[in-house]
1. Just to be sure I understand, how many residues within the range 33-73 are touching a residue at least 60 places away in the same chain (Cβ under 8 Å) and part of a strand (DSSP E or B)?
2. Hey, could you check the range 152-178 for residues that are part of a strand (DSSP E or B) and among the basic types (Lys, Arg) and say which is nearest to residue 193 (Cα to Cα)?
3. Pick out the one residue from 96, 149 that is within 21 Å of residue 205 (Cβ to Cβ), modelled with pLDDT of 85 or more and outside any helix (DSSP H, G or I).
4. With the structure loaded, tell me whether residue 156 is closer than 21 Å to residue 204 by Cα, modelled with pLDDT of 90 or more and surrounded by fewer than 18 Cβ atoms within 10 Å (Cβ to Cβ) or whether it fails that test.
5. Of all residues in the range 147-163, how many are more than 30 Å from residue 106 (Cα to Cα) and of a type in the set (A, V, I, L, M)?
6. Report, by residue number, each residue of the range 2-12 that is modelled with pLDDT under 95 and in contact with a Phe, Trp or Tyr (Cβ under 9 Å, 6 or more places away or on another chain).
7. Would you check if there is a residue in the range 57-64 being open to solvent by 20 Å² or more (accessible area, probe 1.4 Å) and polar (S, T, N, Q)?
Amino acid sequence: MHVVVVGCGRVGSGLAAALEDEGHSVAVVDRRPEAFTRLPEGFRGATVVGVGFDRERLQRAGIERAGAVAAVTSGDNSNIVVARVAREAFGIERVVARIYDQRRAAIYERLGIPTVATVQWTIDRVLRRVLPESPNVEWVDPSASVCLVERSVPETWAGQPVEALEVRGSARITAVTRLGKAMLGESGLVLQDGDVVWATCAGDGIDRFDEHLASGPNGGGR
């Protein structure tokens, strides 16, 4: 697949190198010629100097034969414009935009433009290291209607079937990690002390699931 990467900062250069290592052809667009010095020695892809949302520059980068476009400059507005031009003017289906403002990221997701909100992602990961015991949310859909949470299973649940952890209308167990190995949370799987579960929850159902988890098999109700 041919991929156009707009922005040759740390993310863009690393992405371009990773794509090339995977066997894809890559073209990198950046308005600063010196930015291309970040690309690894021996990089075989094309480099195009110019503004990333300029159609002529994108055409020089081979967007008309591209299977995907990644807009990863340091500016939210530029990334969104690039993503929209790629999607609307050139019909590229696989488009992703790097966004710093998580509120704007949610808006663009609803418009059909996949985004990576780097600031919120970093905040979440740092909190997980600083406050490892604090409740966390791994993923939230743009409408905040569904989310994925990771929780350690209290020892009181050992010996219980995994479906006993589910809360009707609020939480379903998607997967279980045991001794570092993940498995689907299929019906009949028996929980063990030290298990970690991944639960898909309704946006307003996390507290209900946490209460059920803490209450133990005799205190909660499905």
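The values are calculated or read from the model by the stated rules, or taken from the named source; none is laboratory data. Since we're looking at a predicted model, the values are computed, not measured. As a convention, Cβ positions derive from the backbone with ideal geometry for all residues, glycine included, and neighbour counts pool all protein chains shown. Accessible surface areas use protein heavy atoms only, side chains included; no ligands, DNA or RNA. Shrake-Rupley method; radii C 1.70, N 1.55, O 1.52, S 1.80 Å.
1. Final tally of qualifying residues: 4.
2. Applying the filter and picking the extreme gives 178.
3. Among 96, 149, only 149 is within 21 Å of residue 205 (Cβ to Cβ), modelled with pLDDT of 85 or more and outside any helix (DSSP H, G or I).
4. It is false that residue 156 is closer than 21 Å to residue 204 by Cα, modelled with pLDDT of 90 or more and surrounded by fewer than 18 Cβ atoms within 10 Å (Cβ to Cβ).
5. 3
6. none
7. So in the range 57-64, the residues open to solvent by 20 Å² or more (accessible area, probe 1.4 Å) come out as 57, 59-60, 64.
Next, only the ones that are polar (S, T, N, Q) stay: 59.
Yes, the conditions are met somewhere in the range 57-64.
Yes/no matrix, rows are residues, columns are (1) among the hydrophobic types (A, V, I, L, M, F, W, C); (2) modelled with pLDDT under 85; (3) surrounded by 12 or more Cβ atoms within 10 Å (Cβ to Cβ):
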{"site": "118", "(1), (2), (3)": "no, yes, yes"}
{"site": "128", "(1), (2), (3)": "no, yes, yes"}
{"site": "137", "(1), (2), (3)": "yes, yes, yes"}
{"site": "172", "(1), (2), (3)": "no, no, yes"}
{"site": "201", "(1), (2), (3)": "yes, no, yes"}
{"site": "217", "(1), (2), (3)": "no, no, yes"}
{"site": "220", "(1), (2), (3)": "no, yes, yes"}
